[in-house]
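A quick write-up on the structure given underneath.
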Amino acid sequence: MTAQVTRKQMRTVFAESVIESLAADPRVVMLTADISSWFFWDVKKEFPDRVHNFGIREQAMIDIAGGFALAGQRPVVHTYAPFLVERPFEQLKIGLGHQDVGAVLVSVGASYDDPSWGRTHQAPGDVALLDTLPGWTVHVPGHEDEVAPLLAAAIAGDNRVYVRLSERANSESVPVSSGFTVLRQGRAGVVVAVGPVLDQVLAATATTDVTVLYASTIRPFDHAGLRAAVGAAAPNVVLVEPYLRGTSAFEVTEALADVPHRLRSFGTWRDREARVYGTAEEHDRLFGVDAESLADSIARFVA
């Protein structure tokens, strides 16, 4: 009888990775806003000047991260996605972007990991919002084993990086790459799966003759990888992202600017609010990103 392996959550892997980085790299400072601060209570005793909790003062936390960066430190900043991107957006724009300094922002909660908390804890527009600011790298890991290498590379650099963690994860990890990984090849079109929607996409396309591309890094967008895939298949592109529908549509258009193509995007609604609670799986069905809904939509689109 095979022993069951208990999987870690992405947030746990993130905390363990940062704790290792605090010990190994004196540049690293960890900033929290109550959320997940308990992971760092013990290491704060060892590095009291490099581990800070700001409570619910997220705007101040981002500006202070900018100050640390100006002083040569590498700030890692963490809280729920809406409190990390939406609430302190002006500070991201000015304190980091306009001053042209770097930080590693790591969020949890994603678009609707736990709908019982309501709309205040949901941020389906976070990546789209960061797209209005230049110079951001965006990682969307789909499995806990993808978190550590993405985070290690982010901390080692000095640019602006957003790492979007989720409580939901694919059944298997994909080796981390800066571009698209080809998981399946077909002739009827190309389906792009970002982060933790891969399992649904693979199930949905199991009997459809399409190429499946996977990305855990979505900014910068792999224009060359998409062009290569479309060049070997019919120019029908399906974009499945775990946030606002069509967030990367403009990137597809740029990549295929001289290639006649068709595009269909899936994600959370753009035209109306989802004023419901329920479970994350129920939200998948509501937005049409569960495996059954995707199978029907994709098959009809590429037919």
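The values are calculated or read from the model by the stated rules, or taken from the named source; none is laboratory data. Just so we're clear, the structure is a prediction, and the values are computed from it rather than from any experiment. Here Cβ is always computed from backbone atoms with ideal geometry, including for glycine, and neighbour counts include all displayed protein chains. When the accessible area is computed, the model is the full protein with side chains, heavy atoms only, and any ligands, DNA or RNA have been set aside. Shrake-Rupley method; radii C 1.70, N 1.55, O 1.52, S 1.80 Å.
Some points to look at:
- Complete set of residues in segment 271-289 that are part of a loop (DSSP other than H, G, I, E, B) and under 18 Å from the mean Cα position of the chain (by Cα): 289
- When segment 207-228 is filtered for residues that are touching a residue at least 24 places away in the same chain (Cβ under 8 Å), open to solvent by 10 Å² or more (accessible area, probe 1.4 Å) and small (Gly, Ala, Ser), the ones remaining, listed by number, are 224, 225.
- Meets criteria (assigned to a strand (DSSP E or B), open to solvent by 20 Å² or more (accessible area, probe 1.4 Å) and under 16 Å from residue 221 (Cα atoms)) for residue 132: no
- If the condition is being over 17 Å from residue 256 (Cβ atoms), under 20 Å from the mean Cα position of the chain (by Cα) and of a type in the set (A, V, I, L, M, F, W, C), then segment 183-237 contributes 183, 193, 194, 197, 198, 201, 202, 212.
- Matching residues in segment 255-275 - criterion: being surrounded by fewer than 12 Cβ atoms within 10 Å (Cβ to Cβ) and farther than 19 Å from residue 191 by Cβ: 257, 258, 271, 272, 273, 275
- Test result for residue 295, under 25 Å from residue 167 (Cα atoms), of a type in the set (A, V, I, L, M) and buried (at least 18 other Cβ atoms within 10 Å of the Cβ): yes
- Identity of the residue in segment 69-105, of a type in the set (Phe, Trp, Tyr) and in a helix (DSSP H, G or I), that ends up surrounded by the fewest Cβ atoms within 10 Å (Cβ to Cβ): 89
- Residue ID - nearest to residue 111 (Cα to Cα), chosen from residues in segment 38-59 that are of a type in the set (A, V, I, L, M, F, W, C) and in contact (Cβ under 8 Å) with a residue 12 or more places away in the chain: 56
- Residue in segment 8-19 that is nearest to residue 141 (Cα to Cα), counting only those that are buried (at least 16 other Cβ atoms within 10 Å of the Cβ) and not polar (S, T, N, Q): 10
- Any hit, segment 126-140, residues being on the phi > 0 side of the Ramachandran plot and in contact with a Lys or Arg (Cβ under 9 Å, 6 or more places away or on another chain): yes
- Count of segment 6-51 residues which are part of a helix (DSSP H, G or I) and at pLDDT below 95: 0
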